[in-house]
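Right, one structure below, let's go through it.
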Amino acid sequence: TPFEVHWGEKLQLTWQCGDKKEYVCSLDYGMEIVKGKWKSVIVCQLNKSPTRFLELQRQFPNISHKVLAEKLKELENDGIVEKEVFMELPPRVEYKLTEVGFKLHEVLRQLEIWSKGYIQEFKKIEE
């Protein structure tokens, strides 16, 4: 598979839209999926429970409706998030993590732990 590469190897993947992007390694590709300000925090929030769009927007008051919709769609296209539509009146939509999304959350949690330690270490150096 294209994901079984070693550090420093050049990886070229074709996206669904037909554009070709080049990656240095599989980590580079993974970082592409979660890059940006909002995707990782959306994944962390959805780890708690399936959540409706407006509730997500309340959790992140600094994100616009448009940006939240875009990021959720990108995560959905990448197989991280699943959108579930309930045929009710009024219609209800919830977003939840897929199995792949839960695996990604485990990685993001480890990165968060590392980041906290790094910040503490960095502050000690600065003082």
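General remarks:
- Pro90 fulfils the conditions (1) more than 21 Å from Lys35 (Cβ to Cβ); (2) surrounded by 14 or more Cβ atoms within 10 Å (Cβ to Cβ) except for a single criterion, (2).
- Some residue of the stretch 111-122 being within 13 Å of Ile42 (Cα to Cα) and of a type outside the set (A, V, I, L, M, F, W, C): no
- Listed conditions (1) in a helix (DSSP H, G or I); (2) open to solvent by less than 100 Å² (accessible area, probe 1.4 Å); (3) out of contact with any Pro (no Cβ under 9 Å at 6 or more places or on another chain); (4) at pLDDT below 90 are all met by Lys21, apart from (1).
- Per this entry, Glu106 is counted among residues that are out of contact with any helix residue (DSSP H, G or I) (no Cβ under 8 Å at 6 or more places or on another chain), under 17 Å from Gly30 (Cβ atoms) and not polar (S, T, N, Q).
- Count of the stretch 77-103 residues which are out of contact with any Ser or Thr (no Cβ under 9 Å at 6 or more places or on another chain) and not in a loop (DSSP other than H, G, I, E, B): 13
The values are calculated or read from the model by the stated rules, or taken from the named source; none is laboratory data. Note that the coordinates shown come from a computational prediction; the quantities given were computed from them, not determined experimentally. Here Cβ is always computed from backbone atoms with ideal geometry, including for glycine, and neighbour counts include all displayed protein chains. The accessibility values were calculated without ligands, DNA or RNA, using every heavy atom of the protein model including side chains. Shrake-Rupley method; radii C 1.70, N 1.55, O 1.52, S 1.80 Å.
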